[in-house]
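Only one structure is covered here, and it is reproduced in the block below.
The values are calculated or read from the model by the stated rules, or taken from the named source; none is laboratory data. Just so you know, these numbers come straight off a predicted model, no measurement behind them. Using ideal geometry, Cβ is built from the backbone for each residue, glycine included, and neighbour counts are taken over all protein chains shown. These area figures cover heavy atoms from the full protein model, side chains too; ligands, DNA and RNA do not enter into them. Shrake-Rupley method; radii C 1.70, N 1.55, O 1.52, S 1.80 Å.
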Amino acid sequence: MAAAIVLAAGLCGARRAEAVAAPRAAQVRGAAGVTDGNEVSKAQKAAPRGAAPTISSWILDRSLPADVLYEDQQCLVFRDVVPQAPVHFLVIPKKPIPCISQAEEEDQKLLGHLLLVAKKTAKAGGLGDGYRLVINDGQLGAQSVYHLHIHVLGGRQLQWPPG
């Protein structure tokens, strides 16, 4: 019930995240050495860091602000600070899984939960006419943050092929 209230409150009147201006965000962007917003370029410079903190871990521990749309014991949903569509949010597990290719059999229930939360949040956000789910994996998949995250994009006609 509390999760549904957070979802409703986040979708109705949530403020835009100020993470881009936050010192940690500048630190993360600076660490990647990229300021042009090119995800492929960022992914080429990013590397899996194992236990090192990521922008996702800072959002999860609330040391970096985010426009949170939903939260439960297993995941957090927040708006992307550099949206690629009119509606663009991320669904991340609280368990630190660096990328989908490193998910284990024991993560099966969690991965299904993330997809269902993405669906529910998309519906609550008015994406009844369709949306796209994206998971980037590794350098060639343009993954620039090594904490598993599902991009949910919608609010306009999306093009195909995406890459």
For this session: Determine which member of the set 94, 42 is among the charged types (D, E, K, R), modelled with pLDDT of 95 or more and at negative phi.
Result: 94
Exercise. Checking residue 87 against (1) more than 22 Å from residue 46 (Cα to Cα); (2) in contact with a Lys or Arg (Cβ under 7 Å, 6 or more places away or on another chain); (3) surrounded by 15 or more Cβ atoms within 10 Å (Cβ to Cβ), which single condition isn't satisfied?
Worked result: (2)
For this session: Return the only residue of 52, 66, 47 being in a loop (DSSP other than H, G, I, E, B), open to solvent by less than 70 Å² (accessible area, probe 1.4 Å) and modelled with pLDDT of 95 or more.
Result: 66
Exercise. Does the range 118-125 contain at least one residue that is polar (S, T, N, Q), under 30 Å from residue 157 (Cα atoms) and open to solvent by less than 30 Å² (accessible area, probe 1.4 Å)?
Worked result: yes
Exercise. Does residue 117 count as β-branched (Val, Ile, Thr) and within 27 Å of residue 41 (Cα to Cα)?
Worked result: no
Exercise. In the list 114, 158, which residue meets the criterion of being closer than 14 Å to residue 74 by Cα and out of contact with any Asp or Glu (no Cβ under 6 Å at 6 or more places or on another chain)?
Worked result: 114
Problem set entry | Among the candidates 78, 89, residue that is within 27 Å of residue 159 (Cα to Cα), modelled with pLDDT of 75 or more and touching a Pro at 6+ places or on another chain (Cβ under 9 Å) | 89
Seminar exercise, completed: Here the residues within the range 96-117 that are assigned to a helix (DSSP H, G or I), surrounded by 16 or more Cβ atoms within 10 Å (Cβ to Cβ) and not hydrophobic (A, V, I, L, M, F, W, C) are 107, 113
Exercise. In this structure, is residue 30 at pLDDT below 95 and in a loop (DSSP other than H, G, I, E, B)?
Worked result: no
Exercise. Pairs, please: C-beta under 6 Å, at least 6 apart or cross-chain, first residue on the phi < 0 side of the Ramachandran plot and in the range 124-143, second open to solvent by 70 Å² or more (accessible area, probe 1.4 Å) and outside any strand (DSSP E or B)?
Worked result: 137/101
